[in-house]
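Below you'll find the structure, written out as structure tokens, and then a few comments.
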Amino acid sequence: MRMRLRPQSLLGRTSIIVVLVEALALAALGVTAVGVLSKEIDRSLETRARLPGLLMSRQFLRYESVADKSVMTSLAGNEFLDGLVVAPDGHIYFAADKALVGRNLDQLEHGQAAHLARVQESPGDQGVVVRLESGNLLCITPIRAFEGARPFFYSLVTISTQASDSLKARLGWGFALASLGCILLTSTGLLLFFRHGVVTPLASLEKSAQALASGQLEEPIDTSRDDEIGSLARQFATMRDAIRAKVRELEEVNRKLTELDELKSHFLSSVSHELRTPLTSLLGFASLTRKHFRRHFLPLVGEDPNLERRSAQIMDNLQVIEGEGARLTRLINDVLDLNRSESGRRVWRDKPIRPATAVEHAIRSTAMLFALKPEIQLRVDVPDSLPEVLADPDSLQQVLVNLLHNAVKYTEAGQVQVLAYAEGQGGKVQFIVQDTGPGIAPEDQGRLFQKFVQLHNRHGRSGGDVVVAGSGGTGLGLAICKEIVTHYGGEIWVESQPGQGSAFHFTLPVWAGASATGI
């Protein structure tokens, strides 16, 4: 089985932790075990180094035996290097190396004389074992005639530690290799168990979660385990079933809402079309009646004040009928336009349009509004060199006329300015309709482009009028503007400060063929 361990994965982190913990535990155990074994080896070596001197001290071994290497080897082992029997003054009486007999310890190179002097300063019954600079062991044992008597000889036995050091090194390396093998075997076993028991079930659960996140609600989930992971899987399956039931419920609700929306669209379309015919007749007859009344009946009134008053009232009523009929016609048209846009049944007759031409047509359509308010000055700054935009001319005209109409409606005096310019690298043309009206309250600016949100003037705290969401108009004009602009991938927004006027901005993408044709 091939395992790919990544440090950031659960299996990778677990493997690192397992190996580290096991390595630390085995290292601690190894250091302790090797230390104990090393002490036992050193203790055994010291015991063999003391044995010849103890036997001499108990009169079980003759002093001159130190000169017999075979005897000393049988007692101290193959590590025996040298043996001496010296007097308290350091004079050598017996030696394994006969050339040393008769000499003094001061004449030797390994400092035995200094070690002997320290033993004599603090005599002990068993003597001492010291490690020479060469690493070998030197055992100094006092030889007495009886216990408690002053030593009359000292036994000095030197034993090599090379073999014991080599043994300790082999023990250390052997334990290290055994520990490494143990780490590999146990870690592999633990990781295989962890992978099979934890990682694989969690990976399966992760796959199910990813399938659920991507909308695959029929992905099976393994809930056969009886441990905590199985409990988690069962909880996850319960959540999936709940989501699946909720999705089905939402799909059913959405289907019903779609049907209702279609019924609403059909109803609005039918009612609007049914209203248009009688409304057109009503407006026509009202206008015709007012003309006939003015031409044929007003001259008959003469000087009768009562007839003059009633005639004026009739003319006013007919004018009200025409005005309300025209407002109702605009409302029906707006509802039809919005309904067609939302339902996708609106016909878009797109073609390249020069921004300057579109603004010019919109100004002609609203010329009467400016004529009725001569105190408002119209300023236009739309360069002829702007790139063309691809849009339905009537729809673009509808947006510009609607914004100009609102600007004139809510501006008593000052100016209305229409601007357009090409954005830097965005590939868009931005149109701006700016007025010097009362401005729009900040809390109402975000609601302007919602359906049936209407505007009216109110007396602000600062003493000036402020345009706020309220009653007035149909409440669909700006919503239709947003539908049209959004359809072409543009944006529409307002910038306004109370008392400083308003500026409505909208953008339209540049026609893709403009660069190809060199426009």
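Could you please put Val31, Val36, Val429, Val199 in sequence from largest to smallest accessible area, using a 1.4 Å probe?
In descending accessible area the options line up as Val31, Val36, Val199, Val429.
Once a ≥ b ≥ c are taken as the square roots of the eigenvalues of the Cα gyration tensor of region 47-139, is the result rounded (a/c under 1.5), prolate (a/b larger than b/c) or oblate (a/b not larger than b/c)?
Rounded, since a/c falls under 1.5.
Quick one: accessible surface of Glu251, probe radius 1.4 Å, all protein chains present, in square angstrom to the nearest 10.
The accessible area comes out at roughly 120 Å².
Per residue, how large is the accessible surface of region 15-70? Use a 1.4 angstrom probe and give square angstrom.
Result: 61 Å² per residue.
Mind checking which lysines have their Cα closer than 25 Å to the Cα of Lys246? Skip sequence neighbours fewer than 8 apart in that chain.
Counting by Cα, and skipping residues close in sequence, Lys246 has these lysines nearby: Lys207, Lys256.
With each label point set 7 Å from Cα along the Cα-Cβ vector, what nm distance links Leu328 and Arg58?
13.8 nm
For region 194-235, state which GluC sites (Glu not before Pro) are in a DSSP loop and have at most 11 other beta carbons lying within 10 Å of their beta carbon.
Hits after loop and neighbour filter: Glu218.
Label 7 Å along Cα→Cβ of Glu495; region 391-417 residues with amide nitrogen under 15 Å?
So the set is 417.
May I ask which of Lys39/Lys69; Lys409/Lys482; Lys69/Lys168; Lys291/Lys482; Lys373/Lys482; Lys351/Lys373 have a Cα-Cα span longer than 29 Å here?
Lys291/Lys482; Lys351/Lys373
Report the charge-dipole magnitude of region 21-149 in Debye, nearest 20, computed about the Cα centre from +1 at each Lys and Arg Cβ and -1 at each Asp and Glu Cβ.
Here the size comes out at about 280 debye.
The values are calculated or read from the model by the stated rules, or taken from the named source; none is laboratory data. Note that the coordinates shown come from a computational prediction; the quantities given were computed from them, not determined experimentally. Backbone-built Cβ (ideal geometry, glycine too); neighbour counts: all protein chains shown. These area figures cover heavy atoms from the full protein model, side chains too; ligands, DNA and RNA do not enter into them. Shrake-Rupley method; radii C 1.70, N 1.55, O 1.52, S 1.80 Å.
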